[in-house]
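The values are calculated or read from the model by the stated rules, or taken from the named source; none is laboratory data. Keep in mind it's a predicted model, so treat the numbers as computed, not measured. So basically every Cβ, Gly included, is an ideal-geometry build from the backbone, and we count neighbours across all protein chains shown.
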Amino acid sequence: MAEYGQTARYVAPAELVAALQFTVPYAVNLTLTSTGGLFTTNDLYKVKDTNGDLVFKVKGVSFSSRRLLLDAAGTPLLTMKPKASSWHEAWRVFRGESTSPNDLLFSMRKPKIFQWKDNFDVFLATNTHEAAPCDFKIFSRSKKCTICIGETDEIIAQMHRKTAFFARDKLEITVNPNEDFAFIVSLIVILEEIMASRRASASGGGGS
């Protein structure tokens, strides 16, 4: 377990979230697109590499707010679940299809209820000290997102939103070498779900 004051750069293994095959010694470029629609509510996102090959897909769970990250073969890797009754827009992520506390991998939330900027803190499940710094920090803007290690300026991944006229947004994700890109994709998906929930609330439709 991490000592108080340490961040994930020093205590997290390469296979932090999913498995070692999602951590490679070179930069990874991915494209995330929304596939959800009126008649495809369970198929939400697809993630492809620069060759156009499917790497991940995200599905919804019927009658639930949970989201599943699956690999290209359809194997569940992570379960993403919003924390009920949280003003911090908090989510928790578990291994596989589990939602058991024993399988909790990390949590993500706004550090403050009221803040001008869309920043989020990520805490590993092993980071249990109430005063400990976050393990990762997300700086989100309308068309850009940067993910850093803890309270540092060390960037591990970035996202740029490409908006096309009469087309779905494409999110271009660059993950630095030796970083878990399944983990990074899960963070981006949660951000998209938070934004979708905000839009639904603003239009009077409520969140999922």
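Can you pull out every residue in the stretch 40-99 that is of a type in the set (Val, Ile, Thr) and either surrounded by fewer than 18 Cβ atoms within 10 Å (Cβ to Cβ) or within 19 Å of residue 170 (Cα to Cα) (or both)?
Selection gives 40, 41, 47, 50, 55, 58, 61, 75, 99.
Give the residue, chosen from 143, 170, 137, that is at pLDDT 85 or above and within 25 Å of residue 59 (Cβ to Cβ).
Result of the check over 143, 170, 137: 170.
Do you know which residues across the stretch 59-110 are part of a strand (DSSP E or B) and of a type in the set (Ser, Thr, Tyr)?
Selection gives 79, 107.
Out of 196, 164, 131, 157, which single residue is of a type in the set (Gly, Ala, Ser) and within 23 Å of residue 64 (Cα to Cα)?
196
In the stretch 10-64, which residues are more than 30 Å from residue 84 (Cβ to Cβ), polar (S, T, N, Q) and at pLDDT below 95?
The answer is 21, 23.
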